[in-house]
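One structure is given here, and the rest of the page talks about it.
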Amino acid sequence: MYNYFAFYKSSVSLQASWYYMRKQNFILLFFLSFAASTSLLQTGCANIGMPTGGPRDSTAPVVVKADPENDATNFTDNRITINFNEYVELKEQQNNIIVSPLQVVNPIITSKLKTITVRFKDTLQENTTYSINFGRAIVDVNEGNPAENYVYTFSTGPVIDTITLTGNVVLAA
């Protein structure tokens, strides 16, 4: 007759040993993964130092959009916004920016990110052409490259005055 008790006893001992081996493998795997992650954290992934930053920026800021457009006519607003292709700032506004014709109250000219805003505090004259010469005031934030002699022109009338004089010079004797 077959001894069922012996078979049961051997299968229980196999299950117990399998469980023991599985527990051993889990503990070993846990310690190996802990050791590997600790060694990675200690050595680090990056080098300590300054990034190279790429090539030096040598281009001046370029006007992308102006509202209203440059050479606008019939201007009635009191604000002008000029957008550039890179971040800009204003330097030495008092020495570089010329508004013509002169106003009793100077306009407020500010820069924020890629935009320069001109706000007029004085009333603009009718049928007059205005020009704002920024000289070397507009510079990019990173390297300070100036957008040299940028001139924004607009008119409160229907035409832009060309500021030209024509005629004949006659030698009087």
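Once ligands and nucleic acids are excluded and a 1.4 Å probe is used, how much of LYS114 is accessible, expressed in Å² to the nearest 10?
It works out to around 80 Å².
Using a Förster distance of 35 angstrom, determine the FRET efficiency expected from the C-beta separation of SER37 and SER58, and round it to 0.05.
0.15
Can you spot the aspartates and glutamates whose alpha carbon is less than 16 Å from LYS121's alpha carbon? Ignore those fewer than 8 places along the same chain.
Here the aspartates and glutamates satisfying the reach criterion relative to LYS121 are ASP77.
How long is segment 95-173 along each principal axis, judged by its Cα atoms, biggest number first, in Å?
Largest first, segment 95-173 extends 61, 30, 22 Å along its Cα principal axes.
To one decimal place, what orientation-averaged projected area in nm² is obtained for the convex hull of the Cα set of segment 56-110?
The number I arrive at for segment 56-110 is 5.1 nm².
If each of THR73 and ASP161 carries a label point 7 Å out from its Cα toward its Cβ, how far apart are those two points in nm?
Using points 7 Å along Cα→Cβ, the separation is 1.6 nm.
Run the accessible area of segment 63-116 with a 1.4 Å probe and give the carbon-and-sulfur part as a rounded percent.
Summing carbon and sulfur atoms, their accessible area is 46 percent of the total for segment 63-116.
With every protein chain left in place and a probe of 1.4 Å, what is the accessible surface of VAL63, to the nearest 10 Å²?
50 Å²
Can you sort THR110, THR59, THR128 by 1.4 Å-probe accessible area, starting with the largest?
So, going from the largest accessible area down, we get THR59, THR110, THR128.
Hey, rough spin-label estimate for MET50 and ARG136, points 7 angstrom out along Cα→Cβ, what's it come to in nanometres?
The answer from the label model is 2.5 nm.
Run the 1.4 Å probe and let me know the accessible area of GLU69, rounded to the nearest 10 Å².
Using a 1.4 Å probe on the heavy atoms, I get roughly 110 Å².
For GLU148 paired with LYS91, estimate the spin-label separation in nm (one decimal), with each label point 7 Å from Cα along the Cα-to-Cβ line.
About 1.3 nm separates the two model spin labels.
The values are calculated or read from the model by the stated rules, or taken from the named source; none is laboratory data. Remember, predicted model here, so these are calculated numbers, not experimental data. Every residue, glycine among them, receives a Cβ derived from its backbone with ideal geometry; neighbour counts consider all protein chains shown. Note: accessible area is taken over every heavy atom of the protein model, side chains too, but ligands, DNA and RNA are not part of it. Shrake-Rupley method; radii C 1.70, N 1.55, O 1.52, S 1.80 Å.
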